Structure formats: structure tokens, C-alpha cells
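Where a number appears in this text, it was derived from the coordinates with a stated rule and is not lab data. Note that the structure is predicted; figures quoted are calculated from it, not measured. All Cβ positions, even for glycine, are placed from backbone atoms using ideal geometry, and neighbour counts span all protein chains on display.
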Amino acid sequence: MSNDRLSTTFSALADPTRRAILASLISGEASVNDLARPFDMSLPGISKHLKVLERAGLIERGREAQWRPCRLRAEPLRNVADWVENYRRFFEESFDRLDAYLREIQAKEKSQQEKKTTKNKHTPQAVRRKTYVRKKQTRK
């Protein structure tokens, strides 16, 4: 998919009204009136949104007598999903590296903490404290 086509698709998806229109088309075809119903907007306003979606290839409009049903086209969305997938993999790999680094740091900190604890047990002050505590306990 060319970048211009991708840009057109992203531009069409940038508007919340257009995304809501696409969401309502997931369940199947709908008329302009059906699509306009949930919005506080005129029919010409909805028609402008539909034209943007149609230019981006996200919808297609048919003609059945007086009824002009709109239907969702999945291809541009699939292309966007493929494009985003590359970045998802990049972020997942970055998070995996960060997770490994954090585990390494935590292991080092734990090791250093254990060394300090072991070292503190054998200092003259620690030995005196233990002796004092033992003497105190034997007097009771």
C-alpha cells in the first residue's frame, strides 16, 4: 500500500464521527438515514463524512432504486493493521529487552543486599548485640 493511500486512510479515521460510522457498518449495510440517526448532524454533513470514507476506500455505496446502501470495505483497514503490526513487534521487543534489564538489575540488587546482610552479621557490633541479647535472655 502506498504511503499516500495509507495517509488518506489515517486521515479518514482521524475523525470520531467517521470511526463511529464505520463501527455501525460492521453489522452490515445501512442507508445514509440509518447512519445519520445517532448524530446531531444534518444529512449533508453525514454525506460529507461518507464521501471522505468512500475516497479512502473504507466504504462503498451501492444503488438499489432510491436506496443507496453503504457497506464497509475491509481492505484499507487490513493495510493499516499490517502497517501498525510492524510497530507492535518493535514495541514488544523493546518491552522484552526492558523486562530482561529490570530482572538483571533486581538480581544484582538482591545479591548486594544479601552480601550486606551476611557482612553485617559478623561485625563486632553485631556480635556484641547477640551476646548482650543472649545474656539478657539467660537472666530471665
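Each residue of region 71-84 was assigned a 3J(HN,Hα) from its phi angle through the Karplus expression (A = 6.51, B = -1.76, C = 1.60, θ = phi - 60°), giving 9, 6, 10, 7, 3, x, 5, 5, 5, 5, 4, 5, 5, 5 Hz with x at Gly and Pro.
How much length is gained if the chain between residue 92 and residue 32 is pulled fully straight, taking 0.36 nm per residue apart and subtracting their Cα-Cα distance, in nm to one decimal? Intermediate results must be reported in sequence, preceding the final value.
Details: separation 60, 0.36 × 60 = 21.60 nm, distance 4.08 nm.
Between residue 92 and residue 32, full extension yields an extra 17.5 nm.
Scaling the Cα radius of gyration of region 3-73 by the globular reference 2.2 N^0.38 Å produces a ratio of 1.04. Amide H to amide H distances under 5 Å link residue 59 with 54, 73, where only residues 5 or more positions off or on other chains count and H is placed in the peptide plane.
Here residue 63 and residue 40 are evaluated by their C-beta separation; at R0 = 22 Å the FRET efficiency comes out at 0.20. Amide H contacts of residue 68: 32, each under 5 Å away and 5 or more positions distant or on a separate chain (H built 1.01 Å from N in the peptide plane; Pro and chain starts excluded).
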